[in-house]
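Here is the structure we will look at.
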Amino acid sequence: MISPIAIRLERGTDLKQAIQKLVHDRKVTAGTVASCVGCLSQLQVRLAGAQQSLTLEEPLEIVSLMGTLTPAHQHIHISVSKQNGEVIGGHLLNGSIIDTTAELVIHSYTDLQFDRAFDPATGYTELTVSSIETQIPPESDLTSNLMR
Ligand SMILES: [Zn+2]
């Protein structure tokens, strides 16, 4: 089941830390970023295929935000547009600061568990997906229990 969470982030908020806090506070076991419309005064991203990060301090529009949210780790990619319309993006890091506002919607999947496990093929921890067992046994189990 999808349980949406929608909040407004205010000026000065660290975008990645705010998402991390939301996942923790709302006990999200598996989630995605559904939408984020807003602007940043500072961007901090890791670039594709690189170890180094890029920092920009200028007015930036958030034009997309995508993320896979596990309880212990939030893997988030962002793209932003500059004042001349040029778009850049990368892997979101701490230090990306909301300017006036950001409208954030997260989808929490209450019957799924997202996690991360080391994959020797990539050398990184990669996403794992499992179902959360329901507490109520299926009807067939109830019937067989009653017949005993
Ligand atoms: Zn990434």
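Since every read-out is calculated from the coordinates, none of them should be taken as a lab result. If you're wondering where the values come from, they're calculated on a predicted model, not measured in any experiment. When we count neighbours, we look across all protein chains shown, and the Cβ atoms used for this are built from the backbone with ideal geometry, even at glycine.
If you average the C-alpha positions of region 1-32 and of region 83-123 separately, how far apart do those two centres end up, in angstrom?
Their Cα centres are 11 Å away from one another.
Please determine, in degrees from 0 to 90 and to the nearest 10, the orientation of helix 15-25 with respect to the longest principal axis defined by the Cα atoms of the chain, where the helix direction is its Cα long axis.
20 degrees
Taking a virtual spin label 7 Å from the Cα of THR128 along the C-beta vector, which residues in region 87-113 bring their backbone nitrogen under 12 Å of it?
113
With 5 Å bins from zero, work out the P(r) of the chain over every alpha carbon pair and list the percent per bin.
In order of increasing distance, the bins hold 2, 9, 17, 19, 16, 12, 9, 5, 3, 3, 2, 2, 1, 0, 0 percent.
Can you tell which of THR32, LEU69, ASN94 lies farthest toward the positive end of the dipole of the chain, using +1 and -1 charges on the Cβ of basic and acidic side chains (Lys, Arg; Asp, Glu)?
Among THR32, LEU69, ASN94, the one farthest towards the positive end of the dipole of the chain is ASN94.
Among THR32, THR100, rank each residue by its count of other Cβ atoms within 10 Å, from fewest to most, as a rough exposure measure.
Fewest-to-most ranking of THR32, THR100: THR100, THR32.
Would you mind working out the magnitude of the charge dipole of the chain relative to its Cα centre, with +1 at each Lys and Arg C-beta and -1 at each Asp and Glu C-beta, to the nearest 20 Debye?
On the way: 10 positive and 16 negative charges, 36 e Å.
In total the dipole reaches around 180 debye.
Hey, got a sec? Which GluC sites (Glu not before Pro) in region 1-98 land in a DSSP loop and have at most 13 other Cβ atoms within 10 Å?
GLU57, GLU86
Subtract the Cα-Cα distance of LEU112 and GLU10 from 0.36 nm times their separation in residues, and report this length gain in nm to one decimal.
Value of the extension gain: 33.7 nm.
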